[in-house]
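The values are calculated or read from the model by the stated rules, or taken from the named source; none is laboratory data. Everything numeric in this text was worked out from a predicted model, so none of it was measured. We place every Cβ from the backbone using ideal geometry, glycine too, and count neighbours over all the protein chains shown.
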There are 2 protein chains.
Amino acid sequence: MYQNRKLYEKYITKEQIELIHEYSMKILEEVGIAIENDYALEVFKKHGAAVDGQIVRIPRKIVMDAIANVPDEFTVHGLEQSVTIGEKHDPVNTGPSVPTMIQDFNNGGIYRDSLLSDAVNYYKLQETSPVVNIAMNSCTDTPDLDKNTDDYFTPQLALTLKSVTKPIYQVHCVNTENYKKADLIQANRNVLNFQKQFYDVWDKYVSLTNCCVLSPLAIGADVAAALIGCALENQPVIPISCSMTNLTSPPSLAGTITHDNATLLAVITLVQLIQPGLGCVYGTVTTPTDMRTIQLAVGSPESYLMMMGLIAMARYYGIPVRSGVGSSNSFDLDYQAGVDAFMMLEPGFMGKTDFMLNSVGSYGTYNLGSPEKMVLDEQTILYQKHINKGLDITAEKIMFDTIKEVGPRGSYLKGRTPKAYRQDHFFPILFNRDGGKPAALLESKGTLIQRASAEVEKRYEAYKAPDLTTTQKELLNQYLPAGYKF
Amino acid sequence: MYQNRKLYEKYITKEQIELIHEYSMKILEEVGIAIENDYALEVFKKHGAAVDGQIVRIPRKIVMDAIANVPDEFTVHGLEQSVTIGEKHDPVNTGPSVPTMIQDFNNGGIYRDSLLSDAVNYYKLQETSPVVNIAMNSCTDTPDLDKNTDDYFTPQLALTLKSVTKPIYQVHCVNTENYKKADLIQANRNVLNFQKQFYDVWDKYVSLTNCCVLSPLAIGADVAAALIGCALENQPVIPISCSMTNLTSPPSLAGTITHDNATLLAVITLVQLIQPGLGCVYGTVTTPTDMRTIQLAVGSPESYLMMMGLIAMARYYGIPVRSGVGSSNSFDLDYQAGVDAFMMLEPGFMGKTDFMLNSVGSYGTYNLGSPEKMVLDEQTILYQKHINKGLDITAEKIMFDTIKEVGPRGSYLKGRTPKAYRQDHFFPILFNRDGGKPAALLESKGTLIQRASAEVEKRYEAYKAPDLTTTQKELLNQYLPAGYKF
């Protein structure tokens, strides 16, 4: 059981939560949401919503009845490991999709396009990670991926299945470009069935799909198909809102929170109408726009605050909640990247949320990454988990007798390190804790990034490929990219 | 009025606070505190405490009566600016004393001893800082300071007074080495009178003095003299506890909090007995020991937690409270330095505390610093201040009419940037917010440290030396180090 410290209570009141709820209902009833999918429009019409072209206006009763079916928690199974997502459980963490560019510290930190081999490295790090418990399927369409086929999505998924025993998370990424063998809803169903077949598990959740809405107040064609495909295959989804203030959502934080809340409730309503009781997570990674650059400000205090507001809303509805991200706008693995990682991860660990995407490894406004940042962000997460453990204040732990025995000017250092010390303390790796002259430390220990690179190499060596059956290997071999087959 | 979000309430209960209080009283009554100063022992004896050699055992009534006199808030005056320290007010921030070593980014980031010219640069940055509002008097005894005199403390203070219009904070640093002209209590009184004379202000607080206790449960000779000198001259003090778990305080966090609380209450009792109503701040910068290296773990989750516990204790007694520090064990201005700065500053800004030492510029376990880190930590602090402002959730800010007008798939970007956007958003400098290819960004913007160096230069140019009277200049000239006189 993970302690939920509900830090969000420090940023929003019950009355404010109810105000946001009321206006969200008003938005769904009076403004409506656009959905680029006829099946979805039919579902809403059948349940009594007003459908006008692609705009659906949803009475609050339909919404509230539908979301009441969302389960408090659910489990996603992988090859050998599983994760349970819900308020009582540890926040579940994914790594990042391999980014479009890698900062390559084996080559002086130059920036280069990522390749399939980087995706494999990312799987190795996620598989061996002390904090990542669900691996992100990379669908980055790296330059070395053969795209002259009518399906270059499944080869990438096959590579993930080949590489990890942990469960798999996917960004909605089946689209008309990478999957031409079927219409989009069927394409999503095919992909989910491929996973079921691989695991030979047909009655449990074996996939978790990220579905990004299109702000303001819309669900795009690709994502609608992913949502419907998952609902029909009875596989859980995480609808995500990633609005940008003053561009795709209102200029105010309160307006953006309300907008996002309305949109997410509409999406969750849709999948619950199709498959009542489907595992759903209320997802938010909404971000301010920096109007000086018209950029998504990925590491920002406004993001932190909007996450707190949206976590409160999800808890109000009793829906498991997702936050993000250990990411940053920084294009270097520097001080800014550290500040942003700590700030952005905090709502997840102390907030708290039940799922976190991109919790390690990402920067450069999501477009850049490095294995080194993955292992460093892991340390930041372990810091936050230790903070969240909190203080153990009991008469025993106050240790009056020891204080009396040592007395003024005495020393506590004697014999073996006491149990109370070991219980209360955390030891980071990579982060320096040595003392002495900095030049000597630099000489003997190297830079933080050099230490991180060494740790990455250790992890690659520690990695063990999953032990697959002949049937599984044969299945994957039909799809695995050239050079990556068994 | 600064919003106190009382984050510490998430880490400690009322019952736990009372348990710590009870054991603290028991420590003071049964174990006692060692004080290396006869005057202090006499004061305690006179008020009814049991004095046995240098050990004082203090009945709880004496403690509670004495600390009841601590004012909720007080003001410290500088040449042109003043600060008020108390719960209702913004956290007051100092910069660091110039560290013993500087990471010199004008010379490729090499480490070198700091010099008096660095101290002057630190004053320039503190004077022009958007977050530092009380300047730290550096008493680092740099290699270029003439130490063949019977007073090489006042020359350093004179340099501070020459450089800043903001009020001045000093670490207790008058000692038998740097001040041989008088006994230690008188030495402290002389220094405070020098400040009164410089400002020609005799009835207000013109100095604020940091007094570090000696864990476990002791007040060393130098610090006792500083406390007594300040109390006699009616100038405020910040007693500080900087225990190291399992070395100078119990191995558990709860034990260390209790130990520190007892010690700080003893010190505050001492000065209140001498000067009832004296401005006092309950100060903590207690830190775990990393038993692998036997080092002070300056950036650590345990530090964060102990700060939360100690803030709660100070609020319980109604005493203004200090936290620290934007510092780190890192010996480089890197990702670890960023993570640690955010983590360590948070109890101050969202905790919240009334005063923060070393809030900018420090790393290398306090022994290292750079002007670049000062300006970067300022950004981190501005992030936290923006987070602490919180969410403004009102019907007006939810902007339903705008949401309705823009509708699904519309754009919020039109005309001038709205007031709601400007109210809710914060714009960092130095931290990257530009998009595009990272190599191109690096080429056009330089590294974060290069941008910080450019900002430091701008700040040196923007700095204006205080406008002093002839009398003030003559007074300082009697002491200013050679090469730094008017």
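Run down A:94, A:100, A:84 and say which single residue is crowded, with 16+ Cβ neighbours inside 10 Å and touching a Phe, Trp or Tyr at 6+ places or on another chain (Cβ under 8 Å).
Answer to the selection: A:94.
Under 6 Å between Cβ atoms, at least 6 apart or on separate chains: pull out the pairs that start in region A:309-322 with a residue that is farther than 15 Å from residue A:349 by Cβ and end on any residue that is part of a strand (DSSP E or B).
A:310/A:284; A:314/A:282; A:314/A:321; A:319/A:282; A:320/A:85; A:320/A:86
Rundown of residues vs (1) farther than 30 Å from residue B:218 by Cα; (2) in contact with a Phe, Trp or Tyr (Cβ under 9 Å, 6 or more places away or on another chain); (3) more than 7 Å from chain B (Cβ to nearest Cβ), yes/no style:
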{"site": "A:347", "(1), (2), (3)": "yes, yes, yes"}
{"site": "A:356", "(1), (2), (3)": "yes, yes, yes"}
{"site": "A:400", "(1), (2), (3)": "no, yes, no"}
{"site": "A:425", "(1), (2), (3)": "no, no, no"}
{"site": "A:438", "(1), (2), (3)": "yes, yes, no"}
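Tell me, yes or no, whether region B:197-209 has at least one residue that is of a type in the set (S, T, N, Q) and within 23 Å of residue A:406 (Cβ to Cβ).
no
Looking at region A:91-98, can you tell me whether even one residue there is in a loop (DSSP other than H, G, I, E, B), hydrophobic (A, V, I, L, M, F, W, C), away from every other protein chain (no Cβ under 14 Å) and under 17 Å from the mean Cα position of the chain (by Cα)?
Yes: one or more hits.
Answer yes or no: is there a residue in region B:380-395 that is facing another protein chain (nearest Cβ under 7 Å), touching a His at 6+ places or on another chain (Cβ under 8 Å) and surrounded by 24 or more Cβ atoms within 10 Å (Cβ to Cβ).
Looking for residues that are facing another protein chain (nearest Cβ under 7 Å), touching a His at 6+ places or on another chain (Cβ under 8 Å) and surrounded by 24 or more Cβ atoms within 10 Å (Cβ to Cβ), one finds none in region B:380-395, hence no.
Among the residues in region A:60-74, are any farther than 21 Å from residue A:236 by Cβ and either touching a helix residue (DSSP H, G or I) at 6+ places or on another chain (Cβ under 6 Å) or in a strand (DSSP E or B) (or both)?
yes
Among the residues of region B:159-193, write down those that are in a helix (DSSP H, G or I), in contact (Cβ under 8 Å) with a residue 60 or more places away in the chain and closer than 18 Å to residue B:225 by Cα.
Residue satisfying the conditions is B:185 alone.
Kindly list the number of the only condition in (1) at positive phi; (2) crowded, with 17+ Cβ neighbours inside 10 Å that fails for residue A:20.
Checking residue A:20 against (1) at positive phi; (2) crowded, with 17+ Cβ neighbours inside 10 Å, the one that fails is (1).
So residue A:292 clears everything in (1) surrounded by fewer than 24 Cβ atoms within 10 Å (Cβ to Cβ); (2) among the charged types (D, E, K, R); (3) in contact (Cβ under 8 Å) with a residue 60 or more places away in the chain except one condition, right? Which one?
Here residue A:292 meets the rest and fails (3).
Only one of (1) of a type in the set (A, V, I, L, M, F, W, C); (2) crowded, with 20+ Cβ neighbours inside 10 Å; (3) free of Cβ contacts under 8 Å to residues at least 24 places away in the same chain fails for residue B:63. Which number is that?
(3)
Which condition breaks for residue B:367 when tested against (1) touching a Ser or Thr at 6+ places or on another chain (Cβ under 8 Å); (2) without any contact (Cβ under 8 Å) to a residue 12 or more places away in the chain?
(2)
Can you confirm whether residue B:13 is β-branched (Val, Ile, Thr), surrounded by fewer than 16 Cβ atoms within 10 Å (Cβ to Cβ) and within 14 Å of chain A (Cβ to nearest Cβ)?
Yes, satisfied.
Name the one entry in A:78, A:86 that is among the small types (Gly, Ala, Ser) and over 26 Å from residue A:462 (Cα atoms).
A:86
From the list B:48, B:53, which one is surrounded by fewer than 16 Cβ atoms within 10 Å (Cβ to Cβ), more than 11 Å from chain A (Cβ to nearest Cβ), among the small types (Gly, Ala, Ser) and at positive phi?
Step by step, each of B:48, B:53 is checked, and only B:48 is surrounded by fewer than 16 Cβ atoms within 10 Å (Cβ to Cβ), more than 11 Å from chain A (Cβ to nearest Cβ), among the small types (Gly, Ala, Ser) and at positive phi.
Scan region B:254-266 and give yes if some residue there is surrounded by fewer than 24 Cβ atoms within 10 Å (Cβ to Cβ) and over 14 Å from the mean Cα position of the chain (by Cα), otherwise no.
The answer is no, given that none of the residues of region B:254-266 is surrounded by fewer than 24 Cβ atoms within 10 Å (Cβ to Cβ) and over 14 Å from the mean Cα position of the chain (by Cα).
Please enumerate the residues belonging to region A:135-189 that are among the aliphatic types (A, V, I, L, M), under 18 Å from residue A:465 (Cα atoms) and in contact with an Asp or Glu (Cβ under 8 Å, 6 or more places away or on another chain).
Hits for region A:135-189 are A:135, A:164.
With the structure loaded, tell me whether residue B:376 is at the interface with chain A (Cβ under 7 Å from one of its Cβ atoms) and either among the aromatic types (Phe, Trp, Tyr) or outside any helix (DSSP H, G or I) (or both) or whether it fails that test.
no
Only one of (1) modelled with pLDDT of 95 or more; (2) surrounded by fewer than 22 Cβ atoms within 10 Å (Cβ to Cβ); (3) among the charged types (D, E, K, R) is not met by residue B:141, so which one is it?
Exception for residue B:141: condition (1).
Check off (1) crowded, with 24+ Cβ neighbours inside 10 Å; (2) more than 7 Å from every other protein chain (Cβ to nearest Cβ); (3) under 30 Å from residue A:451 (Cα atoms) for residue B:339 and give me the number that stays unchecked.
Of the numbered conditions (1) crowded, with 24+ Cβ neighbours inside 10 Å; (2) more than 7 Å from every other protein chain (Cβ to nearest Cβ); (3) under 30 Å from residue A:451 (Cα atoms), the odd one out for residue B:339 is (2).
Out of B:184, B:115, report the one residue that is closer than 28 Å to residue A:435 by Cβ and not polar (S, T, N, Q).
B:115
Which one is nearest to the other protein chains (Cβ to nearest Cβ) among residues in region A:449-477 that are of a type outside the set (Gly, Ala, Ser) and touching a Lys or Arg at 6+ places or on another chain (Cβ under 8 Å)?
This residue is A:451.
Need the failing condition index for residue B:429 against (1) surrounded by fewer than 19 Cβ atoms within 10 Å (Cβ to Cβ); (2) closer than 20 Å to residue A:294 by Cβ; (3) over 34 Å from the mean Cα position of the chain (by Cα), just the number.
(3)
Do we have any residue at all in region A:116-138 that's under 28 Å from residue A:268 (Cα atoms) and among the basic types (Lys, Arg)?
For region A:116-138, residues under 28 Å from residue A:268 (Cα atoms) and among the basic types (Lys, Arg): absent.
Among the residues of region B:107-122, is there at least one that is over 25 Å from residue B:174 (Cβ atoms), at pLDDT 95 or above and among the aliphatic types (A, V, I, L, M)?
yes
All but one of (1) part of a helix (DSSP H, G or I); (2) away from chain A (no Cβ under 11 Å); (3) free of Cβ contacts under 8 Å to residues at least 24 places away in the same chain hold for residue B:19; which doesn't?
Residue B:19 satisfies every listed condition except (2).
Out of the residues in region A:432-457 that are charged (D, E, K, R) and exposed (fewer than 13 other Cβ atoms within 10 Å of the Cβ), state the one that is nearest to the chain's Cα centre (by Cα).
Checked region A:432-457; the qualifying residue nearest to the chain's Cα centre (by Cα) is A:457.
Okay, residues lined up against (1) assigned to a loop (DSSP other than H, G, I, E, B); (2) within 12 Å of another protein chain (Cβ to nearest Cβ):
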position	(1), (2)
A:209	no, no
A:235	yes, no
A:258	no, yes
A:261	no, yes
A:264	no, no
A:267	no, no
A:273	no, no
A:277	yes, no
A:299	yes, yes
